[in-house]
Structures are given as structure tokens and as C-alpha cells.
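The values are calculated or read from the model by the stated rules, or taken from the named source; none is laboratory data. Note that the structure is predicted; figures quoted are calculated from it, not measured. In this analysis, Cβ positions are derived from the backbone assuming ideal geometry, glycine residues included, and neighbour counts consider all displayed protein chains. Areas reflect the complete protein model, heavy atoms only, side chains present, ligands, DNA and RNA absent. Shrake-Rupley method; radii C 1.70, N 1.55, O 1.52, S 1.80 Å.
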Amino acid sequence: MFAKTFGAATNGIDGVIIDVEVDVSSGMPRFDMVGLPDASVRESKERVRTGIKNAGIKLRQENVTVNLAPAGIRKDSSGLDLPIAVALLAAYGIIPPESIRNALFSAEMSLEGEMRSVPGILPMVIKARDSGIPRVYVAKENINEALLVDDIEVYSVPGIAELVEYLNGRAEWQPEIKKHSEEKAFEEDEDFADVQGQFLAKRAFEIAAAGGHNILLVGSPGAGKSMLSKRLGSILPEMEKKEALEVTKIYSIAGLLKDNRGLVSKRPFRSPHHTTSAVALIGGGSIPRPGEVTLSHNGVLFLDELPEFSKQALEVLREPLEDGRITISRVNASLTFPSSIILVAAMNPCPCGYFGDKEHVCECSSVEIKRYVRRISGPLLDRIDIQIRVPRVSYKELKNREKAEASAIIRKRVSDARKRQLARLSPYGLVSNSQMNHSLLMRICQLTSEAERLMEQAFNQKKLSARSYDRLIKVAQTIADLAGSDKIDAVHIGEAIQLRGDLQLNVE
């Protein structure tokens, strides 16, 4: 007897519908699985047979063939356990085949026949809805995630025995209902009110947050580079629903949604150690999985001690910083992951950290300093919009009891600037100034005659590249947005030039 139902897998950050077909016939007892299953899927036949047996359901020893279509896609989700199990039971005549034909099943099965959660449920359910499948059955731990998708019925499956009772009409189940919980996206432990001094750095972070610009901090140990960077998330605007769904899909596929949580409402902040490999940073594997760059999508990627990262790891950042996405090619697949991030990088000026410090003597030779600084390539530096020095905080500033400006106040200005950008850029599918390409920049950004003259002078004196020119204009446009100005004036260009200071160290 033949039976068919639907399961799902993931391809990049999107779901893929898998047709699960099972045929049971008389003959030599065996269990064959075809359709390019990965190791975790090939093992499912043992989990399925044992789980069904331990649930008290007896199956005759017959010839079983399971086909997973389309055959050209490698399947690597243990969530195919449940659709294989229900299609097998329907082929044996234990449940009616029509009860599973227009539904999607996704859960891992234990040896007792109970259901376990699987990563990637959100993109799977989105794909099911878009494919016209009206019902999905998932494990209890995946319910909140599945309920993020509207216009589809979601059912919680405790175990295979209970599911058989329901599909045979001997039990009544109701679709799960979305529970509206109050989420505080801005419940931050870190606040800029706790940062004394560092006015230039705080202004730079405000501009970076408003326009989505990358930023590099250079300063001695203890100057406050890490402290400032960790507070960037507290001034970023709240994510739109579309952005939050994108982040949740990524974290779902990576298996990072814990405690049956639903929508990720807080912008990601990822801070990998400098020993992180290029693959961990950019993503990869035989079946490509998202790396730190993608896990930071719509948020912040903080790289502390930037020169300590391997050259290979740093150079692979070029594509995502330029294009907002990363393409990973393997023999089995070529996948593109989103990576619209704000890169925050911090570094010392030299190996000992005290070159240029007024309070400490640098013990590094000029050769050592040059070698250290040159670990950061010119093309990578060219992609960082804001580059500033962070000086040491004075004793007077440190002991000041008066609170500095709070993150909530800065975030209000940032959000207002983002609204101006959204109104200007939404027809092009963009949300921030940093996402503009050259042609769009030339069409949208309007410079006054004084700003044009200052820009030309800076371009010639600093011998800027075309990319540096574009990034200076983008930063100036963000400064104008924060000031509520419709045009870029000379003062905006001047501040943008100051924030992209020449950090090439003079060690002669």
C-alpha cells in the first residue's frame, strides 16, 4: 500500500517542502530509504521503527521503501522522523491516508515515540503556508516559533500514539493559539549614561547607529573601547517586524532559539573571540550553515583585538561588508546568507598597546608596530566608514558623579534619523544610508556648493578611493539626517571627514 505526506528541510535560511512517500509491499522484510538522505535522516528508520514499537503499535515485517523528493536536494533534518512515521503508518493502514495528505509534519522522534524539537521550524512553516498547506504538526517545544506564522493551523504533537488516536478520530485536538506576551526590547543592562567623557566616541556611535555604519576604535588598553562597543545595542532603533522575522529565521536554523521562545525582538550582538576561524566567522560546512556574520544580521558584530584575528578570517569580511550578504559554495549546494551588519572593531595602536599614550612608554620597535598595523589590510579599512582614536579618560572625568546622557535619549534621535532615511529609501527596499550604492547615492544625496568644495579638497588631499568617497557622503548624509537637514552642508562633510581620520601610524 502507498501513502504520502509532507515534511520539510531547510536550504540556506529558507524552508523546502519534502514529499515523503512510503510504499509497503509483501516480500523480503527490509527498509530502504532513497532521495539523497544525510546521515541523520538515514538513522531515522531506526528511531521510527523503535518509537512506533514502544508506543504499542505493531507492524508486520514487510518490504518498506521510503522516497524523499525532490531527490536533488540533500536532506539533513531529523524533523523528517515524524512525516516518515505517519506515512509509514498510513501505508500499513493503521491511520487513514487522507488524514495526512494535506498537512506538514516536522519533529524528531524519541525511542519511546515522543516528539522532540528541531531547528528551522519557522522557515519550514512559512514555506508550508506559502505552498498552500493548511496545517502543520510540530513538537511542543516548537509551538511558539511556529505560531509566528499567520494564516496556518499549528498543532502540538506529544507522541506518536496520541497522534494516531487523533488522526483516527478517537481524540479531539484544537489548533494552538498565539499567546501575546509583552516583550521589552530595550531592557538593557548597559547604558551610555554610565560612560564618563568620551564625547567624540559617543557621537561616533550615535552616527553609526543612525546610519548603520561600520566603526573602528583605536586606543590604549583601558580607554573604554569594549565598554563603548557593548552599549551600541542600547541606542539602536527597534527592529521592524520584517527584520525580526529574518533574525528569528536565522536563529531558528542555527538552533539558537531556546526555551520555546518566539520572535527575537532584540537586535543581535555577537562578539566572537579572536581565535575564531574563517569558517566559524563567515559560515560553512558540507551543508553550509550560518556563521557569526549572518548571526549578526540586522545587529552588531563586535571584533575586539582586530589584528589578532587571522588574516583569512579578516579578508572574508570584505564581501558581507560591501554587499550585505555572503555566498558560500560547496559541492552539494551554493547558498546565500544575509549579513546586513554594523561592524564594530577595536584595536590597540601597537603590540604593547601604548604607542602615542601620554601616560605610558611604548616598548615596541617601529618594525613591530608596522607589522602589527599592517595585519589590517587597506581594502578592509576602506570598508569601515568611521575610524577614530579613543583617548584615555582623565581622573576628573572618571570621578564625575553627574550622569551622562542616557541611551534612551540618544536612541530617540537615532530613531528619528532612521525614520527620515526610511521615508527616503523605502521605495528602493532599503532602510539605512549605509545600504545605498553609488548610483543611488548620486541620485539622492544633495550637497550644497560649500560642501562640494570641501569634499573635493578632502578627496584630493587625502587621495581617497571611490569607495572612500561614497562612504564619506553616506556618513555626511546620516549627520544631516540627525540634524534634520534636507541637504548635506559643509559642516556635515567636515564632521564626516573628522570621523574618518587618518589612522596610519607615523612610526618613522
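How many residues does segment 434-449 hold that are more than 19 Å from Asn298 (Cα to Cα) and open to solvent by less than 60 Å² (accessible area, probe 1.4 Å)? Looking only at that region, the number is 6.
Residues in segment 385-393: is at least one in a loop (DSSP other than H, G, I, E, B), more than 30 Å from Gly15 (Cα to Cα) and among the hydrophobic types (A, V, I, L, M, F, W, C)? For segment 385-393, residues in a loop (DSSP other than H, G, I, E, B), more than 30 Å from Gly15 (Cα to Cα) and among the hydrophobic types (A, V, I, L, M, F, W, C): present. Does Gly7 satisfy the criteria of being crowded, with 17+ Cβ neighbours inside 10 Å, of a type in the set (Gly, Ala, Ser) and not in a strand (DSSP E or B)? Criteria not met by Gly7. Considering segment 33-44, and only residues there that are without any contact (Cβ under 8 Å) to a residue 60 or more places away in the chain and open to solvent by less than 50 Å² (accessible area, probe 1.4 Å), the residue that is nearest to Ala91 (Cα to Cα) turns out to be Met33.
If you go through segment 394-433 and keep only what is closer than 29 Å to Asn348 by Cβ, assigned to a helix (DSSP H, G or I), open to solvent by 50 Å² or more (accessible area, probe 1.4 Å) and touching a residue at least 12 places away in the same chain (Cβ under 8 Å), you end up with Glu397, Leu398. Looking only at residues of segment 70-104 that are open to solvent by 20 Å² or more (accessible area, probe 1.4 Å) and hydrophobic (A, V, I, L, M, F, W, C), we find that the one that is farthest from the chain's Cα centre (by Cα) is Ile94.
Within segment 45-68, does at least one residue satisfy the condition of being of a type in the set (Val, Ile, Thr), open to solvent by 50 Å² or more (accessible area, probe 1.4 Å) and outside any helix (DSSP H, G or I)? Within segment 45-68, one or more residues are of a type in the set (Val, Ile, Thr), open to solvent by 50 Å² or more (accessible area, probe 1.4 Å) and outside any helix (DSSP H, G or I). Selection within segment 343-372: residues that are of a type in the set (A, V, I, L, M, F, W, C) and outside any loop (DSSP other than H, G, I, E, B). The member of this set that is nearest to Glu292 (Cα to Cα) is Leu343. Of the set (1) open to solvent by 50 Å² or more (accessible area, probe 1.4 Å); (2) modelled with pLDDT under 95, all apply to Gly501 but (1). Give the residue that is modelled with the highest pLDDT, with candidates limited to residues of segment 203-241 that are open to solvent by 30 Å² or more (accessible area, probe 1.4 Å) and in a helix (DSSP H, G or I). Checked segment 203-241; the qualifying residue modelled with the highest pLDDT is Arg203. The single condition from (1) open to solvent by less than 40 Å² (accessible area, probe 1.4 Å); (2) within 12 Å of the chain's Cα centre (by Cα) that Leu256 fails is (1). Could you say whether any residue in segment 183-201 is open to solvent by 20 Å² or more (accessible area, probe 1.4 Å), in contact with a strand residue (DSSP E or B) (Cβ under 9 Å, 6 or more places away or on another chain) and outside any loop (DSSP other than H, G, I, E, B)? For segment 183-201, residues open to solvent by 20 Å² or more (accessible area, probe 1.4 Å), in contact with a strand residue (DSSP E or B) (Cβ under 9 Å, 6 or more places away or on another chain) and outside any loop (DSSP other than H, G, I, E, B): present. Going residue by residue through segment 248-262, is there one that turns out to be under 23 Å from Ala146 (Cα atoms), modelled with pLDDT under 90 and outside any loop (DSSP other than H, G, I, E, B)? The answer is no, given that none of the residues of segment 248-262 is under 23 Å from Ala146 (Cα atoms), modelled with pLDDT under 90 and outside any loop (DSSP other than H, G, I, E, B).
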